[in-house]
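Since every read-out is calculated from the coordinates, none of them should be taken as a lab result. Just so it is clear, the structure is predicted and the values come from calculations on it, not from any experiment. Cβ placement follows ideal geometry from the backbone for every residue including glycine, while neighbour counts extend to all protein chains displayed.
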Amino acid sequence: MIKIEIDGKLIETENGVTVIEAAHQAGIAIPHFCYHKKLSIAANCRMCLVQVEKAPKPLPACATSVAEGMKVYTHSAQAVKAQKGVMEFLLINHPLDCPICDQGGECMLQDISVGYGGVASRYHEEKRAVLGKDIGPLVSAEEMSRCINCTRCVRFGQEIAGMMELGQAFRGEHAEIMSFVSGTVDSELSGNMIDLCPVGALTSKPFRYKARSWELSRRRSVSAHDSLGTSLAVQTKSNRVLRVLPIENDDINECWLSDKDRFAYEGLNSAERLTKPMIKQDGKWHEVEWQTALEFVANGLRHLANGAGAAHIGALATANSTLEEMYLLQKLVRGLGSNNVDFRLRQTDFSGDGKQQGTPWLGMSIADISRADRLLIVGSFLRKDHPLLAARIRRAVKNGAQVNIIHSADDDLLMNVANKAIVAPDALLETLNQVARDVAAQKDVGIAASLRSGERVAVLLGNFAQQHPQAAQLQAAAQQIAAATNGKFGFFGEAANSVGGYLANAVPGTQGLNAAAMLETPRKAYLLLNVEPELDCANPQQAMAAMHTADLVVSLSAYKHHALEYADVLLPIAPFTETSGTFVSTEGRVQSFKGAVKPLGEARPAWKVLRVLGNLLKVAGFEYDTSEAVRDEALHGMDVAARLDNGIGAVEAKPYAGQGGLQRVSDVPIYATDAVVRRSAPLQATTDASMPRVWMRSEELGKLGVQPGTTVRVSQGGASVALAAALDDRLPKGVVRVAAGHAATAALGAMFGTITLERA
Amino acid sequence: MLSEQIQAKIERELVKYPADQRQSAVMAALRFVQDEKGWIANDDMADIAAYLGMPQMAVYEVATFYHMYNLKPMGKFTLTVCTNLSCQLCGSDDTLAYLKQKLGIGIGEITPDGKFGVREGECMGACVDAPMFTINNKKLCGRLTPQKIDQILADLEGGQA
């Protein structure tokens, strides 16, 4: 620790920090544009010039390290003169278009020019103009004349997103920010450039001209999409969500937000929203009152429970449903006498049930991932499934951590990977077991060597590993490796409430049927909470067959979707911005949130709908006044931290089902993961949401005699779809990659299994 | 695709830098492309980016930053006339005007036969010989007069660069 003085205030600070950091720690503001605490130092805007005693000239506070006894003056005559001079230069070419600029009211340049700018400009010559660019559907770069060339967006791409899509081309007065050959910015974190831009050069395309920042009310919320539990500020005007911004939280999302969390809100007011309860009678849909719809459901369920038996009722929820919703759903069906309830819709291997020692979770805190020095990531489309965790790991790698990958697809993670084993799905378990044996035998080869040389080892199982037909054995192998390396192991939760679903007991236990069994042996009645079976289930073919044969399908959904074809009742429920609720993030953080706006039309929070259903069915204990009461009951007497445990007992050895032929590898594309995201128009216009293709190696293309781009018939389980062929020689041999969770591939069967290709 | 000659030259450059710093060779690589083709197309930059394992935009930044890289065809012989202060005082305006009139083209243009192109350049660090131009950034020609320019152009026409 050293002592310095800023503006006469004595400050004790660590050696090595910069003047601007020391000043911020002490609560002293220094104007700046290009400096950002999470990015590298560029020192190119010069706004943070300060006077330092004994220095002949003003120094940039962001690029000057503190030294013992240093005396800094941020508001001395010399400092202020320098700052005002810089301000004048910055404003020379900046257009005076604040009244029509989207950044107006939340603009750093505007704010700082109030303090340091002149009353009038002394510059009367022509201003430079920079042409606008089209860099994609999310970020608007229409008014690049406003750019002050701070290069924050460029550094963000290089350092955090891992891909340098924007750069500063040309030089001097001609310098401008652009992408190479007018390309789009495709990073899954691109929206953060909007937040970083200190002026109105990069703005949010969907939000453009919708509202002024001071007209918006802010509500704190939690991300309903991925499992990180990102802190959100939902901004609303006239009962409509107009924008979503990150709330800084160093333990979770830092100051970032993935594009999925940022732009999903555009799906909230989609034309597909279901706003009135509907009943199908004589093959026709009728809009009805809530009372009628709920009584219809209650009668149907009661009739079934008293007749064929409650075991014929199955309840499915997505892991994006709140804790309260899942708790009441399971309480309702259990009250009726059925234990058939599950939220693990894409899981296929349930042999670990009953052997799990607790609730599967990340196995460590999110911040721990940054501190790990050796990571083994098994079966994860990391960048697309968990964008911000990928960014954290990317930074850990830059700081010296080693990442090892075992997976069935070789997507570019935009970070240095120490070792990787890209193998077919049927070899995934053996590859992991081999690492376990190597580690146990203290062999220093490949991945085992990397893990054995670390002090803080993390073994993490991704979505693909959890959906894998040998998931329980993968978990057991990961457990062995973690134990042998003195490390931690865990799961990247698939969705916002993947941990919460367990805590809410929305799992069948030993008495009921799990998600797969419920669809394999069709039930007579299904209660669907947020579920679109053809997109959310591991085997859409089987799921849809079950829906079509059921006597009663009740769909609690925010949207009118394919349920119109097979359901009997549609109950409009509120998405996460219109209800209160709780999500438990993958690190076990229990976060409750309030609704930001009123439910659209006659939609109602699902917990209220389930409560009334409970009352109508006379199930005991359904007298709740608030969602908080539901949550408190669900978590009553529960030590959440103690429940989290990835330990697993001995699991049966199961061979990988399906021999011969091509093996299917499926990812759920980043913007196809849940109902809200699927309906966000800007996200659906991105490159990541482009039409799924069937990816294969060149020898498969050769066998079919087709070129990339040619339409190919892809068949699985008796159905086929036509998709464009695409070349990926980094896939393992005998593997074909076809996305799941997308309407174009929903007719196909299981996410894992054999698949056949033929020329269309 | 980068030609084999260019790849061989880049490999020689790469020896000078640490193995994990391949992008250090980007300026040389751009120069080799320009030497071979006379200018650097966006596709060439993408090829260099792939060859050196660096972002395409980073190559573009370098290529657009330095004036001596031609981002469009500039003729077989690019005459870059210095218009900085020393040359200007010694009559570079006349040199430029004479070149323009003689070749019938303006700054940044090339003759219809694709032989000559004229660019404006920055100080070449040899003011003692002002006014001056360079041929393809390689050969410096100073103390230019209309007669001398005629002679140089005639030599170039005749194939003696």
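Summary table below
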{"item": "For chain B, calculated [θ]222 nm from helices alone, where every DSSP H run of n ≥ 4 adds -39500 (n - 2.57)", "result": "-13500 deg cm²/dmol"}
{"item": "Dipole magnitude of the range B:77-157, debye to nearest 20 (Cβ charges: Lys/Arg +1, Asp/Glu -1, about Cα centre)", "result": "120"}
{"item": "For the range A:555-684, convex hull volume per residue from C-alpha positions, Å³", "result": "234"}
{"item": "Pairs beyond 24 Å (Cα-Cα), from A:K54/A:K81; A:K133/B:K100; A:K38/A:K84; A:K38/A:K237; A:K38/A:K488", "result": "A:K133/B:K100; A:K38/A:K84; A:K38/A:K237; A:K38/A:K488"}
{"item": "Cα centroid separation - the range A:155-217 against the range A:517-548, whole Å", "result": "42"}
{"item": "Karplus-derived HN-Hα couplings along the range A:162-175 (A = 6.51, B = -1.76, C = 1.60, θ = phi - 60°), whole Hz, x at Gly and Pro", "result": "x, 10, 8, 9, 9, x, 9, 8, 6, 9, x, 5, 8, 4"}
{"item": "Separation of alpha-carbon centers, the range A:704-760 and the range A:615-674, rounded to whole Å", "result": "30"}
{"item": "Exposure proxy order (Cβ contacts within 10 Å, fewest to most) of B:T78, A:T230, B:T145, A:T184", "result": "B:T145, A:T184, B:T78, A:T230"}
{"item": "Hits among aspartates and glutamates - C-alpha to C-alpha of B:K115 under 18 Å, sequence gap 8 or more where chains match", "result": "B:D35, B:E36, B:D150, B:D155, B:E157"}
{"item": "Rounded, prolate or oblate (a/c below 1.5 giving rounded, otherwise prolate when a/b exceeds b/c) for the range A:156-221 by Cα gyration tensor", "result": "prolate"}
{"item": "Fraction of antiparallel bridges per DSSP, chain A only, in percent to nearest 5", "result": "55"}
{"item": "Cβ charges +1 (Lys, Arg) and -1 (Asp, Glu), total dipole of chain A, debye", "result": "520"}
{"item": "Rounded if a/c under 1.5, otherwise prolate or oblate - the range B:4-65, Cα gyration tensor axes", "result": "oblate"}
{"item": "Residue among A:L138, A:P95, A:G117 farthest towards the positive dipole end of the range A:71-198, charges placed on Cβ", "result": "A:G117"}
{"item": "Residues A:R678, A:R219 arranged by fewest to most Cβ contacts within 10 Å", "result": "A:R219, A:R678"}
{"item": "Sorted by Cβ density within 10 Å, fewest first, the residues A:L274, A:L432, A:L564", "result": "A:L564, A:L274, A:L432"}
{"item": "Antiparallel DSSP beta bridges within the range A:613-760, as percent of all bridges there, nearest 5", "result": "70"}
{"item": "On Cα atoms only, tilt of A:387-398 relative to the major axis of chain A in degrees", "result": "50"}
{"item": "Reach of A:K608 by Cα under 16 Å, taken over lysines that are not fewer than 8 positions away in the same chain", "result": "A:K276, A:K331, A:K594, A:K598, A:K618"}
{"item": "FRET efficiency, A:E5 to A:E106 (Cβ-Cβ, R0 41 Å, nearest 0.05)", "result": "0.80"}
{"item": "Length gained when the stretch A:S351-A:D444 is fully extended (0.36 nm per residue, less Cα-Cα span)", "result": "30.2 nm"}
{"item": "Loop GluC sites (Glu not before Pro), the range A:283-362 (other Cβ atoms within 10 Å of the site Cβ: 12 or fewer; DSSP)", "result": "A:E289"}
{"item": "Cysteines having no other Cys beta carbon under 4.7 Å from their own, within chain A", "result": "A:C48, A:C62, A:C98, A:C101, A:C107, A:C147, A:C153, A:C197, A:C255, A:C537"}
{"item": "Where Rh is the Kirkwood radius over Cα pairs, Rg/Rh for the protein assembly as shown", "result": "1.03"}
{"item": "Residue-averaged [θ]222 nm for chain A, counting only DSSP H segments that reach four residues, each worth -39500 (n - 2.57)", "result": "-7000 deg cm²/dmol"}
{"item": "Dipole of the range B:4-65 [Lys/Arg +1, Asp/Glu -1 at C-beta], most positive-end residue of B:A8, B:Q21, B:P55", "result": "B:Q21"}
{"item": "Residue (of B:C87, B:V128, B:P146) at the positive-pole extreme of the range B:77-157, dipole from beta-carbon charges", "result": "B:V128"}
{"item": "Per-residue mean of C-beta atoms belonging to partner chains within 10 Å, peptide B:52-63", "result": "5"}
